[in-house]
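A short write-up of the structure that comes next.
The values are calculated or read from the model by the stated rules, or taken from the named source; none is laboratory data. All values reported here derive from a predicted model rather than from experimental measurement. Positions of Cβ are generated from backbone atoms using ideal geometry, with glycine treated the same way; all protein chains shown enter the neighbour counts. Heads up: the accessible areas ignore ligands, DNA and RNA and are worked out on the full protein's heavy atoms, side chains in. Shrake-Rupley method; radii C 1.70, N 1.55, O 1.52, S 1.80 Å.
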Amino acid sequence: MNKKSVKIKKGKVFVLSGPSGAGKTTLHKWLLKNKKIAKMLVKTVSATTRAPRKGEKDGRDYLFFSKKEFFHRREIGYFLEWKKVFDNYYGTPKKLLEDFLKKGKNVLLCIDVKGAKVVMKQKKEAVSIFVKTKNMSVLRKRLEDRGSETIVDFQKRVQTAQKEMKEVKHYQHVVINDVLSVAVKKIETIILEELKKKQEE
Ligand code: ADP
Ligand code: 5GP
């Protein structure tokens with residue numbers, strides 16, 4: 001019997017990055033509430049050594065590893081990229097991402113600016129989106145209001161954000177996260193347009 005083989009188009013990688021407090025977490029959660037987007041895009045689950053926050057679930061929000069486990073996995077090449085972000089380690093599991101892509105799934109990575117640089121080097125075809133606030137005082141205010149850091153951590157994040165802003169030039173798309181619904185819509189439009197291009201390729 002002649003088996004017909006249907007070639008699956010490889011998925012596309014979307015990298016959503018930007019300084020801490022710019023709104024990456026908020027935006028991706030809203031983005032995936034849109035059923036049309038959720039059907040076309042999966043978010044990879046990163047690994048981290050930080051403790052789970054209230055309401056976070058292992059395997060859904062992050063893979064919560066001890067430092068020992070994280071370092072072991074790093075040794076055996078488990079991560080596509082890994083970075084120390086402030087005081088904790090974070091990494092993108094390579095196989096998880098590659099399996100999604102092979103199955104034709106488009107994948108969203110929501111990662112820090114240094115990690116995004118590595119992914120953009122390794123995955124030249126990745127679509128990069130930089131999220132920022134209107135200005136630094138809005139970023140400071142958002143970090144303050146989020147209240148998840150100590151004063152020392154807060155200052156570190158603000159200083160790092162100033163450096164990270166210089167990386168914006170390496171990204172294909174820039175989204176200013178001012179009015180949340182407008183920013184979500186803008187990212188939706190970018191994703192839909194990129195996926196349309198993919199279908200036409
Ligand atoms: P990141 O994941 O980039 O560190 P978050 O998504 O945690 O940033 O956002 C930082 C803080 O700003 C959070 O308290 C979040 O609720 C708030 N926030 C995010 N986007 C907006 C927005 N458009 N308007 C007002 N507050 C926002
Ligand atoms: P949080 O602890 O607030 O969830 O995340 C802190 C920072 O780590 C955020 O900027 C987030 O985007 C980033 N991050 C989350 N997962 C990864 C990852 O797999 N790799 C890298 N490089 N950064 C990540």
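Yes or no, residue by residue, for (1) under 10 Å from residue 21 (Cβ atoms); (2) within 12 Å of ligand 1 (Cβ to nearest atom):
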| residue | (1), (2) |
| --- | --- |
| 134 | no, yes |
| 142 | yes, yes |
| 150 | no, no |
| 155 | no, no |
| 161 | yes, yes |
| 166 | no, no |
| 172 | no, no |
| 175 | no, yes |
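Go through region 1-45 and report how many residues are basic (Lys, Arg) and either in contact with a helix residue (DSSP H, G or I) (Cβ under 7 Å, 6 or more places away or on another chain) or open to solvent by less than 100 Å² (accessible area, probe 1.4 Å) (or both). Total meeting the criteria: 5. Number of residues in region 117-153 that are open to solvent by less than 20 Å² (accessible area, probe 1.4 Å) and hydrophobic (A, V, I, L, M, F, W, C) equals 8.
Considering every residue within region 180-187, establish whether at least one is in contact with a Gly (Cβ under 8 Å, 6 or more places away or on another chain), surrounded by fewer than 14 Cβ atoms within 10 Å (Cβ to Cβ) and within 23 Å of residue 127 (Cβ to Cβ). Checked against the condition, which is being in contact with a Gly (Cβ under 8 Å, 6 or more places away or on another chain), surrounded by fewer than 14 Cβ atoms within 10 Å (Cβ to Cβ) and within 23 Å of residue 127 (Cβ to Cβ), region 180-187 yields at least one hit. Scoring residue 18 on the criteria (1) more than 11 Å from the chain's Cα centre (by Cα); (2) within 13 Å of ligand 1 (Cβ to nearest atom); (3) modelled with pLDDT of 95 or more leaves a single failure, condition (1).
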